[in-house]
Amino acid sequence: MEEMNKLPEGWRVVKLGEVIKTNLSGDWGDNKISERNMYPVITTLAIDYNGNIDFSKSTIRHINRRKIDKIRLRKFDILLEKSGGSVDVPAGKVALVREPFDGTCSNFIEILRIKEEYNAVYLFYKMLYDFT
């Protein structure tokens with residue numbers, strides 16, 4: 001708690017729930033139905049332990065157009081692995097979307113959208129630090 005007294009001027013301690021604008025579950029989608037509504041989906045395997053995303057590891061899946069409009073990844077979304085860990089490697093990896101992505105993530109990942117008045121990059125690094 002002593003560290004909390006050393007915050008920069010204008011900063012304050014808040015709970016995580018206070019800074020999240022919305023959180024959304026990703027979607028694995030369906031196998032190819034047609035050429036339409038096919039989008040890349042990243043999985044937990046595309047997220048490394050340094051918070052990077054390897055978009056080349058995405059899988060093309062069919063996702064309902066109305067759904068993709070809601071869960072399409074935006075710049076500064078924070079991705080939180082919520083499932084898929086093991087006994088030796090716990091779930092909880094985080095990654096920061098640094099550029100808009102015309103796709104989404106799987107249902108094993110939660111999308112955190114941060115309120116505009118908070119710094120998503122800072123929050124990402126805090127979450128990454130706490131995980132590692």
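The values are calculated or read from the model by the stated rules, or taken from the named source; none is laboratory data. The model shown is predicted, which means the values in this text are computed figures rather than measured ones. Cβ placement follows ideal geometry from the backbone for every residue including glycine, while neighbour counts extend to all protein chains displayed. Accessible surface areas use protein heavy atoms only, side chains included; no ligands, DNA or RNA. Shrake-Rupley method; radii C 1.70, N 1.55, O 1.52, S 1.80 Å.
Look at the dipole of the chain built from charges on Cβ: of SER25, LEU128, ILE63, the Cα furthest out on the positive end belongs to ILE63. Solvent-accessible surface of the chain, averaged per residue with a 1.4 angstrom probe and all protein chains in place: 65 square angstrom. Packing order of peptides 37-43, 104-110, 26-32, 49-55, highest average first: 104-110, 37-43, 26-32, 49-55 (average count of other Cβ atoms within 10 Å over each peptide's residues).
For the chain, the mean residue ellipticity at 222 nm estimated from helices alone is -4500 deg cm²/dmol, where every DSSP H run of n ≥ 4 contributes -39500 (n - 2.57) and the total is divided by all residues, rounded to the nearest 500. Among the protein heavy atoms of the chain, carbon and sulfur supply 51% of the accessible surface, probe 1.4 Å, non-protein parts ignored.
Tell me the angle of helix 120-131 to the major Cα principal axis of the chain, expressed in degrees between 0 and 90 and rounded to the nearest ten. Its long axis makes an angle of about 90 degrees.
Computed log10 I(q)/I(0) for the chain at 0.12 Å⁻¹: -0.49, from the Debye equation with unit scatterers placed on every C-alpha and solvent omitted.
Say R0 is 22 Å: what FRET efficiency, to the nearest 0.05, do GLU117 and ARG72 get from their beta-carbon distance? Efficiency at R0 = 22 Å is approximately 0.45.
The lysines whose alpha-carbon is closer than 24 Å to the alpha-carbon of LYS32, local same-chain residues fewer than 8 away aside, are LYS57, LYS67, LYS70. Between the amide H of SER25 and those of ILE111, distances stay under 5 Å, these residues lying 5 or more places away or on another chain, with hydrogens modeled in the peptide plane.
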